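Peer 1: So that we are looking at the same thing, I have put the structure below in structure tokens.
The values are calculated or read from the model by the stated rules, or taken from the named source; none is laboratory data. Every value quoted in this text rests on a predicted model; they were computed, and no experiment measured them. Cβ placement follows ideal geometry from the backbone for every residue including glycine, while neighbour counts extend to all protein chains displayed.
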């Protein structure tokens with residue numbers, strides 16, 4: 001079965017990773033970034049070697065995102081960012097092909113072990129099964 005495994009973050013987290021910390025996200029140093037990249041690289045390599053990795057990507061900061069919706073008049077409305085009622089948003093993902101929900105849960109637990117600076121926020125890892133209905137989404 002295929003699963004979408006998602007990690008969350010905020011604009012403040014992206015800024016902290018570039019060295020501009022704030023009250024909710026301490027600044028990351030070069031060693032913090034290197035540790036995180038090494039951890040994620042090892043995880044991705046392990047998932048590729050096991051044949052479970054289909055795809056995985058980190059996403060750009062929310063400040064560079066746009067949302068396109070429909071206005072009351074049915075015309076497109078473009079707004080900055082993916083912001084809704086929450087500041088947390090999708091920061092990265094993996095598409096994994098795992099034999100069971102238990103196995104993908106083990107991987108999510110490993111993701112939570114990613115090193116980060118003391119005091120940095122810890123977000124849950126979200127797992128969603130990808131439905132294989134064979135039909136179009138729209």
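Peer 1: Tell me yes or no: at least one residue of the stretch 104-121 is touching a strand residue (DSSP E or B) at 6+ places or on another chain (Cβ under 6 Å) and surrounded by 15 or more Cβ atoms within 10 Å (Cβ to Cβ).
Peer 2: Going through the stretch 104-121, the residues touching a strand residue (DSSP E or B) at 6+ places or on another chain (Cβ under 6 Å) turn out to be 104, 108.
Cutting the leftovers down to surrounded by 15 or more Cβ atoms within 10 Å (Cβ to Cβ) gives us 104, 108.
Yes: the stretch 104-121 contains one or more residues that are touching a strand residue (DSSP E or B) at 6+ places or on another chain (Cβ under 6 Å) and surrounded by 15 or more Cβ atoms within 10 Å (Cβ to Cβ).
Peer 1: Does residue 101 count as buried (at least 17 other Cβ atoms within 10 Å of the Cβ), in contact with a strand residue (DSSP E or B) (Cβ under 9 Å, 6 or more places away or on another chain) and more than 17 Å from residue 123 (Cα to Cα)? It would help to see each step written out before you state the result.
Peer 2: Details: buried (at least 17 other Cβ atoms within 10 Å of the Cβ): no; in contact with a strand residue (DSSP E or B) (Cβ under 9 Å, 6 or more places away or on another chain): yes; more than 17 Å from residue 123 (Cα to Cα): yes.
Taking the combined requirement at face value, the residue does not satisfy it.
Peer 1: If you go through the stretch 22-34 one residue at a time, do you hit one that is surrounded by 12 or more Cβ atoms within 10 Å (Cβ to Cβ), under 20 Å from residue 88 (Cβ atoms) and under 17 Å from the mean Cα position of the chain (by Cα)?
Peer 2: Yes: the stretch 22-34 contains one or more residues that are surrounded by 12 or more Cβ atoms within 10 Å (Cβ to Cβ), under 20 Å from residue 88 (Cβ atoms) and under 17 Å from the mean Cα position of the chain (by Cα).
Peer 1: List pairs: first residue in the stretch 49-74 and over 18 Å from residue 6 (Cβ atoms), second residue exposed (fewer than 10 other Cβ atoms within 10 Å of the Cβ) anywhere in the structure, Cβ distance under 6 angstrom, at least six positions apart or on different chains.
Peer 2: From residues that are over 18 Å from residue 6 (Cβ atoms), the pairs are 66/78; 68/76; 68/78.
Peer 1: Does at least one position in the stretch 55-66 carry a residue that is surrounded by 13 or more Cβ atoms within 10 Å (Cβ to Cβ), out of contact with any strand residue (DSSP E or B) (no Cβ under 7 Å at 6 or more places or on another chain) and farther than 18 Å from residue 128 by Cα?
Peer 2: There is at least one residue in the stretch 55-66 that is surrounded by 13 or more Cβ atoms within 10 Å (Cβ to Cβ), out of contact with any strand residue (DSSP E or B) (no Cβ under 7 Å at 6 or more places or on another chain) and farther than 18 Å from residue 128 by Cα.
Peer 1: In this structure, does residue 127 turn out to be within 15 Å of the chain's Cα centre (by Cα), modelled with pLDDT of 90 or more and over 18 Å from residue 10 (Cβ atoms)? Quick ask: steps written out before the conclusion?
Peer 2: Values: within 15 Å of the chain's Cα centre (by Cα): yes; modelled with pLDDT of 90 or more: yes; over 18 Å from residue 10 (Cβ atoms): yes.
Against the criterion (within 15 Å of the chain's Cα centre (by Cα), modelled with pLDDT of 90 or more and over 18 Å from residue 10 (Cβ atoms)), residue 127 qualifies.
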